[in-house]
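Here the structure comes first, spelled out in structure tokens, and everything after it is commentary.
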Amino acid sequence: MNVIDKIAWLRTENGAILSTRSHGKDVFYLPGGKREAGESDLDTLVREVREELSVDVDTGSAAFAGAFEAQAHGHPDGAVVRMRCYTADYRGTLRPAAEIAELVWLTYADRHRVSPVDRIIFEHLRRDAGLR
């Protein structure tokens with residue numbers, strides 16, 4: 001089994017969750033990405049969020065929110081994404097950068113617009129965090 005190790009930022013406001021779409025993609029993903037060699041979860045979270053959304057994660061407020069696993073979107077069967085998720089506050093103004101074409105606030109009703117692992121996370125957030 002091929003496992004893709006990713007870290008994601010769960011940022012909810014007013015019952016919606018921040019999601020991003022990369023250039024050339026038709027599916028939304030939670031902000032975050034793949035760990036680089038030697039990086040901790042928080043190192044990855046800080047780097048990826050800064051690269052993608054131009055804001056600084058407040059690591060002092062970061063809290064582990066869960067680990068989720070599903071078939072990796074756009075990969076052959078058997079490729080699994082394992083996503084470790086964190087909540088955290090941030091400093092700055094959210095704006096798309098690097099490979100990110102747009103950012104949106106999605107609700108549970110939008111779960112058909114996200115990757116398989118994100119759908120599992122949307123289910124979790126609806127049950128445990130009031131995602132509307």
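The values are calculated or read from the model by the stated rules, or taken from the named source; none is laboratory data. Please read these numbers as outputs of a predicted model, since none were measured by experiment. Because the Cβ atoms are built from the backbone with ideal geometry, glycine has one as well, and the counts that use them run over all protein chains shown.
Residues in segment 113-127: is at least one out of contact with any helix residue (DSSP H, G or I) (no Cβ under 9 Å at 6 or more places or on another chain) and loosely packed, with under 15 Cβ neighbours inside 10 Å? Looking through segment 113-127, at least one residue is out of contact with any helix residue (DSSP H, G or I) (no Cβ under 9 Å at 6 or more places or on another chain) and loosely packed, with under 15 Cβ neighbours inside 10 Å.
Could you please find all residues in segment 58-87 being at positive phi and either under 15 Å from the mean Cα position of the chain (by Cα) or surrounded by 17 or more Cβ atoms within 10 Å (Cβ to Cβ) (or both)?
Scanning segment 58-87 gives a single hit, GLY66.
Cβ-Cβ under 6 Å, sequence separation 6+ or interchain: first residue in segment 87-99 and β-branched (Val, Ile, Thr), partner in a loop (DSSP other than H, G, I, E, B). Which pairs? Going by the 6 Å Cβ cut-off, the qualifying pairs are THR87/LEU10.
Criterion first (closer than 27 Å to ARG132 by Cα and among the basic types (Lys, Arg)) does LYS34 satisfy it? In short, no.
Considering (1) modelled with pLDDT of 95 or more; (2) within 14 Å of LYS6 (Cβ to Cβ), the lone condition that VAL46 does not fulfil carries the number (2). Elements of the type strands (runs of 3 or more DSSP E) sitting completely within segment 18-129 and holding at least 1 residues that are aromatic (Phe, Trp, Tyr): these cover 63-71, 79-87, 100-106.
You will find that of SER40, SER22, the residue that is among the polar types (S, T, N, Q) and either surrounded by 12 or more Cβ atoms within 10 Å (Cβ to Cβ) or within 18 Å of THR107 (Cα to Cα) (or both) is SER22 and no other.
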